[in-house]
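The values are calculated or read from the model by the stated rules, or taken from the named source; none is laboratory data. Keep in mind it's a predicted model, so treat the numbers as computed, not measured. A quick note on method: Cβ atoms are made from the backbone with ideal geometry, for glycine too, and the neighbour counts reach across all protein chains shown. For accessibility, only protein heavy atoms count, side chains too; no ligands or nucleic acids. Shrake-Rupley method; radii C 1.70, N 1.55, O 1.52, S 1.80 Å.
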Amino acid sequence: MRDFSQNRSALALNTATLGHNMPGVGAGWSAEQTVDACAQRGIGGIVFWRPEITGRAAAIGRYARQAGVKVVGLCRSPFLTGPLSLKNSQDIQDDFYKAIDETAALGGDVLTIVVGGVEAGTKGIQESLKHVAERVAAVCDYAAQCGVRLALEPLHPMYGGDRSCLTTTRDALDLCDQIGASNLGVAIDVYHVWWDTDLPNQLKRAQGRIFGFHLCDWLAHTTDFLLDRGMMGDGVADLKGLRNAVENAGYAGFCEVEIFSAQNWWKRDPNDVLDVMVERFHSVC
C-alpha cells in the first residue's frame, strides 16, 4: 500500500467537499479560486461538478493545468433512470453526451456515472438496470473517441429508490461484463461500500477496472443520509483497509475526497476544511 504519511500528490479534492455540488451552499469559490487553493497545498488533483464549469470547461481545464493541478474527472452523468431523471429518453441521452463532451473539454479522464433510481411504473431494480445498461452501452464508443473513461459508481442501498438502482460493486461489475467496453469501469466510494462484506471478493474481479477511489467517512450517528458525511477519521469506516484492498486490485490513481456535509464542513472556512482534509489524508487514510 502506498505511503501517504508525507506525500499528497495522489490526493484529489472533489469540490463537493466545499459544497460546490449544490447551489447556494458551501464556499462559493470560483473554480479558479478552488484550483489555486489546491495548488497552494500541494493537492495533486481536482474533480469538478458540472454546474461549476458550464460553458467554461476548456478554460478551467487550462487554468488547472497551468497551476499544476490535474483535472481527474467530472461529476456526474445525468441520472439515467428513476424519478430524478429527465423525463424524455432522448433528453437523457443528449445530456449524457454533453457530460462526456464537458469531461473531454476539461481535460478530465473520468466521468462518474450515478445511474438513477427505480424507473416509474416498475418495481424492484432489474428493469431499471436494463435501461441503465442500454443507455451506458450507447455512449461507450463515443466516450472512447473523446478519451473519456466512464466509472459506474454503486451507491448505498438507501438510495436505491431515487438516486441509484445500482447498489453494489458486484452489480456494477456485472454491468461492465455485460457491456464489455474497455473504457467502462467502476468508482469505489467509501461512503457507499464500507459496509459490504463481499467487497474483497468483488475487487478481485475488478483488476484494471477501478477508475476512481473516493474518500470520506460514515458517521455512527449520521443525521442526514445524503448531506452528513464524515471527514476521514471521524466515522466507522476502515479507511486503510479499504484503500489496501483497492490498491491490491491494481488501483494506483488519485484518492478523491468527497464530503457532503451541509451542517458541518460546508459551514466552515473552506481554507480550514482543506487543511483538515490534508492532515487527515496523511494521518488516517
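Key figures
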quantity: Selected residue (only one of 195, 266 is in a helix (DSSP H, G or I), of a type in the set (A, V, I, L, M, F, W, C) and either without any contact (Cβ under 8 Å) to a residue 40 or more places away in the chain or closer than 14 Å to residue 19 by Cα (or both)); calculated: 266
quantity: Scope the stretch 237-275; condition open to solvent by 70 Å² or more (accessible area, probe 1.4 Å) and aliphatic (A, V, I, L, M); matching residues; calculated: 252
quantity: Members of the stretch 80-104 that are under 16 Å from residue 159 (Cα atoms) and open to solvent by less than 20 Å² (accessible area, probe 1.4 Å); calculated: 80, 81, 82, 85
quantity: Residue match in the stretch 216-230 (condition: more than 18 Å from the chain's Cα centre (by Cα), of a type in the set (A, V, I, L, M) and surrounded by fewer than 20 Cβ atoms within 10 Å (Cβ to Cβ)); calculated: yes
quantity: Given (1) within 19 Å of residue 165 (Cβ to Cβ); (2) out of contact with any Asp or Glu (no Cβ under 6 Å at 6 or more places or on another chain); (3) buried (at least 16 other Cβ atoms within 10 Å of the Cβ), index of the condition residue 117 fails; calculated: (2)
quantity: Residue within the stretch 196-204 that is farther than 27 Å from residue 262 by Cβ, surrounded by fewer than 22 Cβ atoms within 10 Å (Cβ to Cβ) and touching a Lys or Arg at 6+ places or on another chain (Cβ under 7 Å) present; calculated: yes
quantity: Entirely in the stretch 4-107, the strands (runs of 3 or more DSSP E) that have 2 or more residues that are more than 21 Å from residue 147 (Cβ to Cβ); calculated: 11-14
quantity: Breaking point among (1) assigned to a loop (DSSP other than H, G, I, E, B); (2) under 30 Å from residue 232 (Cα atoms), for residue 186; calculated: (1)
